[in-house]
Amino acid sequence: QVQLVESGGGLVQTGGSLRLSCTASGSIRFIRNMAWYRQRPGKERELVGSITNSGATNYADSVKGRFTISRDNAKNTVYLQMNSLKPEDAAVYYCNMQIMTRTSVFGTQPFWGQGTQVTVSS
């Protein structure tokens, strides 16, 4: 089985920075895409950024130029560096990975972290 554990959330003032991390462990053969999502109360979960196994990145328009996603394949870890934070960035952030397990027959499956709260004071 596979588990994703994320950390790095907290309280920060407008204009501040945080770095989130998410590490996968367990029966892992290969990890394709890694991504970060966020969700505010009463709203749908939205994609913040993603990174492929070859390093190509994609970001939501609202975070372009402020957030950077990166990965360390040797550590099975994805990071989200968040700079110039705004009140509208406050949300629960979830990491997601498309993982092929050692016993997989049907290809990759999505796995989610437990979520970490990011609060931004105005």
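The values are calculated or read from the model by the stated rules, or taken from the named source; none is laboratory data. Just so we're clear, the structure is a prediction, and the values are computed from it rather than from any experiment. Cβ coordinates were reconstructed from backbone atoms using ideal geometry, including for glycine residues, and neighbour counts include every protein chain displayed. For the accessible areas, the whole protein counts, side chains as well, though only heavy atoms, and no ligand, DNA or RNA atoms are used. Shrake-Rupley method; radii C 1.70, N 1.55, O 1.52, S 1.80 Å.
Here are the numbers for this structure:
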| item | result |
| --- | --- |
| Failed item, numbered, when LEU85 is tested on (1) within 27 Å of SER54 (Cβ to Cβ); (2) among the aliphatic types (A, V, I, L, M); (3) open to solvent by less than 40 Å² (accessible area, probe 1.4 Å) | (1) |
| Selection count, the stretch 98-117, where residues are part of a strand (DSSP E or B) and open to solvent by 80 Å² or more (accessible area, probe 1.4 Å) | 3 |
| Hits in the stretch 30-67 - residues which are of a type in the set (A, V, I, L, M), under 19 Å from THR108 (Cβ atoms) and free of Cβ contacts under 8 Å to residues at least 24 places away in the same chain | LEU47, ALA56 |
| Where GLU44 falls short, out of the listed (1) touching a strand residue (DSSP E or B) at 6+ places or on another chain (Cβ under 9 Å); (2) modelled with pLDDT of 95 or more | (1) |
| Hits in the stretch 98-119 (condition: in contact with a strand residue (DSSP E or B) (Cβ under 6 Å, 6 or more places away or on another chain) and under 27 Å from GLY16 (Cα atoms)) | TRP112, GLY113, GLY115, THR116, GLN117, VAL118, THR119 |
| Residue list for the stretch 68-82, restricted to those being in contact (Cβ under 8 Å) with a residue 12 or more places away in the chain and open to solvent by 30 Å² or more (accessible area, probe 1.4 Å) | THR68, SER70, ARG71, ASN73, LYS75, ASN76, TYR79, GLN81 |
